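The values are calculated or read from the model by the stated rules, or taken from the named source; none is laboratory data. Small disclaimer: the values here were computed from a predicted structure and weren't measured. Here the Cβ positions follow ideal geometry from the backbone for every residue, glycine too, while neighbour counts run over all protein chains shown. Keep in mind that these areas ignore ligands, DNA and RNA; they rest on the heavy atoms of the full protein, side chains included. Shrake-Rupley method; radii C 1.70, N 1.55, O 1.52, S 1.80 Å.
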Amino acid sequence: MRETARRGKLIHRPRRLRRTEALRALVRETHLSPTGFVAPMFVRPGRGVREPIASLPGVARLSADEAVREADALAALGVRAVLLFGVPDAKDAQATGAYADDGVVQQAVRLLRRRSPDLVIATDVCACGYTDHGHCGLLHGGELDNDATLDLLARIAASHAAAGADIVAPSAMMDGQVAAIREALDAAGFTGVAIMAYAAKHASAFYGPFRDAAASAPQFGDRRGYQMDPANGREALREVALDVAEGADIVMIKPALAYLDVIRAAREAVRLPVAAYWVSGEYAMLKAAAANGWLEERRAVLEVLTAIRRAGADIIITYAAADAARWLAGRDGPAV
Ligand code: PBG
């Protein structure tokens with residue numbers, strides 16, 4: 001009744017532009033492209049190794065040769081960037097495996113560089129996967145020693161650059177880590193290697209599956225003394241500003257889905273590219289719900305990625321990179 005009475009009287013009808021898919025596409029504000037995705041990869045020593053990670057469905061730990069195959073598959077889908085995490089066989093208190101010339105990441109970078117010359121190779125620069133205590137740096141009297149860890153991170157970053165990385169991504173949340181790495185890279189002649197700073201990395205419950213994948217959970221305590229309080233948005237901007245001042249080329253916000261406001265604020269605060277990491281737990285909960293038939297995976301993944309972009313991220317680091325690229329191309333199929 002009311003409808004009839006109003007017919008013809010409404011001036012504003014936003015629905016006019018929602019009538020057909022072509023109209024919706026015409027006025028769509030946010031677009032996803034696989035060129036903006038970065039696929040995380042967990043690399044293992046050995047050959048022919050492909051170990052599925054139970055808490056990260058569709059993701060496996062790969063030896064370097066398998067990583068090359070994966071990179072080829074990603075490239076065929078239009079995803080041209082990877083972020084490497086090492087999962088070494090041995091760990092020690094000093095994280096010596098993190099900067100070893102024949103370390104797991106260094107070897108993988110070398111092979112990828114040789115076999116996939118066009119691939120953008122980014123590496124995670126942190127100690128947590130290499131320390132026997134599982135913390136992100138060097139301990140001194142049970143506490144993380146910030147400044148001693150800076151030298152370690154700089155050494156790790158330089159070793160990744162020497163192996164052929166395009167981008168190093170420090171994730172330890174030590175104060176001054178970007179400046180220390182920039183200085184070490186430049187001193188070693190790697191002035192062209194970029195830094196993607198995990199600028200605002202929060203102490204999140206959503207890193208759980210990653211710590212399974214990388215066997216990097218702290219053996220005592222937690223990371224709240226160095227990673228950010230999830231409650232703090234203003235402080236995130238302070239961290240972003242510091243990393244810009246220290247010479248970051250890209251700033252990253254992490255996690256992503258629960259931190260869209262921080263992504264938006266960072267986008268408005270800086271002119272650098274902003275990256276967002278849709279982290280393991282955020283991905284795993286969606287996969288688990290999809291596996292139960294509780295939501296439609298394809299639509300949910302693309303909606304989340306679109307939301308992260310809409311919030312202001314130029315770059316999205318995502319375990320769904322291959323699937324999303326395939327779906328965007330209108331092709332279906334299982335994860336690579
Ligand atoms: C290493 C690191 C972590 C992640 C990225 N780099 C784990 C952590 O801080 O405990 C998490 C990524 C994810 O959950 O997908 N410091």
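Over the residues of segment 46-157, compute the C-alpha Rg and express it relative to 2.2 N^0.38 Å.
Values: Rg = 15.2 Å, N = 112, 2.2 N^0.38 = 13.2 Å.
In units of the globular-protein estimate, segment 46-157 measures up at 1.15.
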Fill in: Helical contribution to [θ] at 222 nm, DSSP H n ≥ 4, -39,500 (n - 2.57), averaged over the chain, rounded to 500
-11500 deg cm²/dmol
Practice prompt. Please turn the phi angles of segment 242-249 into ³J(HN,Hα) values with the Karplus equation 6.51 cos²θ - 1.76 cosθ + 1.60 (θ = phi - 60°), one per residue in order, whole Hz, x for glycine and proline.
Written response: 4, 5, 4, 5, 7, x, 5, 9
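Find the accessible area per residue for the chain; the probe is 1.4 Å, ligands and nucleic acids are left out, and the unit is Å².
Working: 15860 Å² over 336 residues.
Value for the chain: 47 Å² per residue.
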Item to complete: Out of all DSSP beta bridges with both ends in the chain, state the antiparallel percent to the nearest 5.
Response: 15 percent
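Round to the nearest 0.05 the FRET efficiency obtained for Met285 and Ile11 when R0 = 35 Å and r is the Cβ-Cβ distance.
0.20
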Worksheet item: How big is the Rg/Rh ratio for segment 180-292, C-alpha atoms only, Rh by Kirkwood, two decimals?
Response: 1.02
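With the full set of protein chains in place, find how many percent of the accessible area of segment 31-328 is carbon and sulfur; take the probe as 1.4 Å. Present the calculation step by step, with values, prior to reporting the outcome.
Values: 6020 of 11930 Å².
Result for segment 31-328: 50 percent of the exposed heavy-atom area is carbon or sulfur.
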Worksheet item: If the cut-off is a Cα-Cα distance under 18 Å, which aspartates and glutamates reach Lys91, setting aside same-chain residues fewer than 8 apart in sequence?
Response: Asp101, Asp102, Asp124, Asp132, Asp212
Worksheet entry | Two-decimal log10 I(q)/I(0) for the chain, as the Debye equation yields it once each C-alpha is a single scatterer, q = 0.10, 0.12 Å⁻¹ | -0.58, -0.81
Practice prompt. State, to one decimal in nm, how far the label point of Val27 lies from the label point of Phe220, with both points 7 Å from Cα in the Cβ direction.
Written response: 6.1 nm
Worksheet item: In a GNM of the chain with a 10 Å cut-off on Cα contacts, which of Gly137, Gly36, Gly225 has the highest mean-square fluctuation?
Response: Gly225
Fill in: Karplus (6.51, -1.76, 1.60) ³J(HN,Hα), θ = phi - 60°, over segment 29-43, in Hz, Gly and Pro reported as x
8, 10, 10, 9, 9, x, 5, x, 8, 10, 9, x, 9, 9, 10
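Could you rank Trp327, Trp294 by how accessible they are, 1.4 Å probe, largest area first?
Values: Trp327 20, Trp294 190 Å².
The ranking, largest first, comes out as Trp294, Trp327.
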Discussion item. Using alpha carbons only, how many angstrom separate the centre of segment 259-297 from the centre of segment 1-69?
Written reply: 11 Å
Practice prompt. Report, by chain and number, residues whose modeled amide H sits under 5 Å from the one on Leu84, excluding near sequence neighbours (fewer than 5 apart, same chain).
Written response: Met41, Ala122, Thr123, Asp124
Response to the item:
Dividing the surface of the Cα convex hull of segment 234-336 by four yields a projected area in nm² of 7.0 nm²
Practice prompt. Could you pull out every one of the lysines with an alpha carbon less than 19 Å from that of Lys201, ignoring same-chain neighbours closer than 8 positions?
Written response: Lys254
Item to complete: Kindly state, to the nearest 0.05, the FRET efficiency for Asp186 paired with Asp151, given R0 = 22 Å and r defined as their beta-carbon distance.
Response: 0.90
Worksheet item: Near the amide H of Arg61, under 5 Å away, which other amide H atoms are found, from residues 5 or more places off or on another chain, if H is placed in the peptide plane?
Response: Glu51, Ile53
